[in-house]
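Notes follow the structure.
Taken together, the values in this text are just the output of simple stated rules run on the coordinates, not laboratory data. Note that the structure is predicted; figures quoted are calculated from it, not measured. As a convention, Cβ positions derive from the backbone with ideal geometry for all residues, glycine included, and neighbour counts pool all protein chains shown.
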Amino acid sequence: MSGPVHIPSLGGATAWLNSEPLGPAELRGRVVLVNFWTWTCINWLRQEPHVRAWSQAYGGDGLLVIGVHTPEFSFEHEVDGVRRAIAERSIGYPVAVDNDHAIWNAFANRYWPALYFADADGVIRDQHFGEGRYERSERVIQRLLGIERDLVPVEGRGVEAAADWDHLFTLETYLGHGRSSRSNRWRSSWSDPTRSTYPGDLVTIISPPCPSVCRSLEMATWSAAVPECGGSSAQRSSIRRSLVTTWFA
């Protein structure tokens with residue numbers, strides 16, 4: 001792209017939580033970190049303690065963190081679910097509810113989670129998709145604020161705990177009762193319709209042991225794609241379609 005890219009309008013939000021609606025006047029002169037998330041995404045859950053810590057540590061220096069909750073699945077459109085996630089994660093910064101994907105599309109965003117770093121003139125100076133790169137991201141914030149100091153110590157706990165990449169047996173995620181697979185190749189065992197493996201080192205899904213889990217189909221696929229980068233919406237939608245075909249054909 002040629003020329004500076006400014007933060008797109010946040011006017012497409014269907015609701016605001018923790019704040020009145022924020023427009024250009026409220027953002028003017030502030031360093032802004034925009035964080036796209038959805039409340040069932042494990043990649044976002046593991047990233048969130050860092051974003052929360054940055055908001056608390058640098059808010060007094062001029063940083064404004066804005067969460068944009070863009071739902072991936074139909075049940076994530078429920079604003080009460082977003083409110084619960086905000087309360088459970090102790091999120092104090094403003095959150096724009098993006099149920100129509102208007103802000104998502106304005107940013108041309110394709111990932112959960114996604115971070116966009118803008119300077120006090122509203123120009124996007126950096127971006128990052130997925131987990132990780134926390135030290136560099138915090139240094140970007142400091143540079144935009146014109147400060148330099150020790151990094152904020154962060155330790156995620158529970159579902160927010162960082163993945164132990166050194167001891168993970170496989171990149172795949174498993175779901176189901178009494179079975180698993182270690183293969184990451186594209187294959188489907190029609191002789192055993194309870195098991196399917198999906199392509200690209202994305203995910204292995206074991207079909208559910210009971211109808212109640214089937215009814216939670218979308219919930220069950222929350223974060224099954226690409227542990228490091230979070231997976232694009234197209235990848236995750238493809239996995240979900242595969243699941244529907246396998247489980248309900």
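Annotations
- Pairwise centroid distance, computed over Cα atoms, of the range 27-95 with the range 115-144, Å: 15 Å
- At full extension, F75 and A87 could sit 2.5 nm farther apart than now, given 0.36 nm per residue minus the alpha carbon distance.
- Each of H77, H50, H128 has some number of other Cβ atoms within 10 Å of its Cβ, and from fewest to most they run H77, H128, H50.
- Residue-wise HN-Hα coupling along the range 3-8, computed from phi with Karplus coefficients 6.51, -1.76, 1.60 (Hz; x: Gly, Pro): x, x, 10, 8, 4, x
- Spin-label model, S9 to N105: label points 7 Å out along the Cα-to-beta-carbon direction sit 1.3 nm apart.
- Average Cα contact separation per residue, the range 45-167, under 8 Å, 6 or more apart, as relative contact order %: 32 percent
- ³J(HN,Hα), Karplus 6.51/-1.76/1.60, whole Hz, each residue of the range 44-57, x for Gly, Pro: 5, 4, 6, 7, 4, x, 6, 4, 4, 5, 5, 4, 6, 6
- Rg and Dmax of the range 15-160, based on Cα coordinates, read 14.2, 43 Å.
- 5 angstrom amide H check on D126, placed H, neighbours 5+ away: F117
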